[in-house]
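Read the structure below first, then the notes.
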Amino acid sequence: MTDLTNLGIADIRDGVAAGTFSAREVASAFNAAVAKGKPLNAWLVETPDHALAAADAADAARASGDLKPLSGVPLGIKDLFCTKGVETTAASGILKGFVPQYESTITSKLFGAGAGMLGKLNMDQFAMGSSNETSAFGNVISPWKRNDGGNAALAPGGSSGGSSAAVSARMAPGVTGTDTGGSIRQPAAFTGISGIKPTYGRCSRWGVVAFASSLDQAGPMAKDVRDCAIMLEAMSGFDPKDATSLDLPVPAWEKRLSGDLKGKRVGIPREYRVDNMPAEIEALWEQGIAWAKDAGAEIVEVSLPHTKYALPTYYIIAPAEASSNLARYDGVRYGLRDLPDGANLQEMYAATRADGFGAEVKRRIMIGTYVLSAGFYDAYFTKAQKVRSLIVRDFEQAFEKCDVLLTPTAPSAAFGLGEKAADPIAMYLNDVFTVPSSLAGLPAMSVPGGLDGQGLPLGLQIIGRPLDEQGVLNAGLAIEERAGFTARPGAWW
Ligand code: GLN
């Protein structure tokens, strides 16, 4: 039999339904891949029994003609999602030992749709980072290597770096990610997989450890566009437990997939041609434009004039919200408690937070409390909110002229571990193309476009109008059909 770990979500769903293989065989194959993949450090918790139990339920459902949309599909779950009875740390020392009493809405929807869980995936601590190096439990190593004969360990992207590594190393056919400023799209681009962040409000945030609540969105990461559509349908939908959840029906995205872009206008934002962009990224973008044309689209140049303010705006708003959200970690309610001898309550808070939070998280809390402080609130936070409105307006005006936007996902291919870790600004600059659409709450996806000269994957990003996930997925499919991206990392681990 072919190696079942090469299969994607649609293949598994259809193969289980047809009886080509059993769900138990699939779960066992992925469980074995997870165990073999330890050197990549992609998993914080392994839950092989959960995957097997869901598989057995899927096999029984097939026998009784009762299959659900994800029956027999084992998934990896980013450790930002609370999972009942399974340790959830958001890759932070402060949540060590925290075992949620409840299931996040997203995971309960996925499990309700028949999926099983292979384990909890490593990530940047509290989803703050672009390389997975801020995890309290060690960085993830990308399965990809440069083709220069060297052995440099590369970043899998972040913050959903365990998620991207798991799919690209064939340890899971699909995974959940979250995206606050690019954390689904950039790691997908770095590892040659697809990922979509839906419109803000499509996926419930209930039970997702909060980073920046006005930006956080969950989404799927998988081998290809179809698999993302299947997973996103299972994850989306109104949730009364999330005040910002959209009360709208979930479209049948998979059924309406089409790579035909006739009659569609694809916008190319001129401000995304940033200084010092590697020639290979420029070339890939040109190639993407040619593919969109080939799919029947009309190409139009558009302007998003406030693009250059997006990064500073994001790095004010996200830390501000984070500093408020993270106030709840006080050593009383969750996880770690550091109670030095004779300490009073204040000292216990301070010791716990000093011990439990990593350096990047502390940096964000300090930036956040600064921009929210009485003396600086108007100069920074209020100003950033105003600029955010201008960025939203830029997109509204651009979408009068086009249906989707096409850009590179990131300004570089995967960088080496340690290469940017000491320079937070260099790290933040990696988010330059993903952050604007996050600030505007728009659906956006990354699909693999090709390899650079070093043999590393590069991604193309498609950004859509609010609620137009279909347009985004379809443009993604048009690119995918033309890119013919089949490269995968060698199994060196
Ligand atoms: N890299 C960005 C940051 O560090 C985005 C992270 C995310 O989307 N969760 O904030």
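Picking from 130, 135, 163, which residue would you name as being more than 14 Å from the chain's Cα centre (by Cα), within 13 Å of the ligand (Cβ to nearest atom), closer than 24 Å to residue 428 by Cβ and among the polar types (S, T, N, Q)? Going through 130, 135, 163 in turn, the sole match is 135. Within the range 433-455, the set of residues being assigned to a helix (DSSP H, G or I) and either at pLDDT below 95 or more than 10 Å from the ligand (Cβ to nearest atom) (or both) comprises 436, 437, 439.
Going by the conditions given, is residue 173 touching a residue at least 12 places away in the same chain (Cβ under 8 Å), open to solvent by less than 10 Å² (accessible area, probe 1.4 Å), within 17 Å of residue 235 (Cβ to Cβ) and over 12 Å from the mean Cα position of the chain (by Cα)?
When the stated conditions are applied, residue 173 passes them.
Of all residues in the range 365-392, those being touching a residue at least 60 places away in the same chain (Cβ under 8 Å) and more than 13 Å from residue 312 (Cα to Cα) number 1. Based on this model, can you work out whether residue 488 counts as open to solvent by 40 Å² or more (accessible area, probe 1.4 Å), away from the ligand (no atom under 16 Å from the Cβ) and over 21 Å from residue 165 (Cα atoms)? Criteria not met by residue 488. Across the range 60-87, the qualifying residues are those that are buried (at least 24 other Cβ atoms within 10 Å of the Cβ) and among the hydroxyl-bearing types (Ser, Thr, Tyr), and the one among them that is nearest to the chain's Cα centre (by Cα) is 83. Checking each residue in the range 137-163 for being touching a residue at least 24 places away in the same chain (Cβ under 8 Å), touching a Lys or Arg at 6+ places or on another chain (Cβ under 8 Å) and open to solvent by 10 Å² or more (accessible area, probe 1.4 Å) picks out only 152. Screening 250, 332, 274 for residues that are assigned to a loop (DSSP other than H, G, I, E, B), within 27 Å of residue 127 (Cβ to Cβ) and modelled with pLDDT of 95 or more leaves exactly one candidate, 250. Across the range 178-196, not a single residue is classified as more than 13 Å from the ligand (Cβ to nearest atom), crowded, with 24+ Cβ neighbours inside 10 Å and aromatic (Phe, Trp, Tyr).
Yes/no per residue for (1) at pLDDT 95 or above; (2) among the β-branched types (Val, Ile, Thr); (3) surrounded by fewer than 17 Cβ atoms within 10 Å (Cβ to Cβ):
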{"site": "2", "(1), (2), (3)": "no, yes, yes"}
{"site": "5", "(1), (2), (3)": "yes, yes, no"}
{"site": "13", "(1), (2), (3)": "yes, no, no"}
{"site": "32", "(1), (2), (3)": "yes, no, yes"}
{"site": "42", "(1), (2), (3)": "yes, no, no"}
{"site": "47", "(1), (2), (3)": "yes, yes, no"}
{"site": "58", "(1), (2), (3)": "yes, no, no"}
{"site": "90", "(1), (2), (3)": "yes, no, no"}
{"site": "95", "(1), (2), (3)": "yes, no, no"}
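The number of residues in the range 283-323 that are closer than 25 Å to residue 180 by Cα and either surrounded by fewer than 18 Cβ atoms within 10 Å (Cβ to Cβ) or of a type in the set (Ser, Thr, Tyr) (or both) comes to 10. Of all residues in the range 279-292, those that are out of contact with any Pro (no Cβ under 9 Å at 6 or more places or on another chain) and in contact (Cβ under 8 Å) with a residue 12 or more places away in the chain total 5. Scanning the range 224-263 for residues that are in contact with a strand residue (DSSP E or B) (Cβ under 7 Å, 6 or more places away or on another chain) and open to solvent by 30 Å² or more (accessible area, probe 1.4 Å) turns up 224, 250.
Test of understanding: among 491, 475, which residue is in a loop (DSSP other than H, G, I, E, B), at negative phi and either touching a Lys or Arg at 6+ places or on another chain (Cβ under 9 Å) or among the aromatic types (Phe, Trp, Tyr) (or both)?
491
The values are calculated or read from the model by the stated rules, or taken from the named source; none is laboratory data. Keep in mind that this is a model prediction, so the values were computed, not measured. Counting neighbours? That spans all protein chains shown, and the Cβs are built from the backbone with ideal geometry, glycine included. Remember, those area values only see protein heavy atoms, side chains included, never the ligands or the DNA or RNA. Shrake-Rupley method; radii C 1.70, N 1.55, O 1.52, S 1.80 Å.
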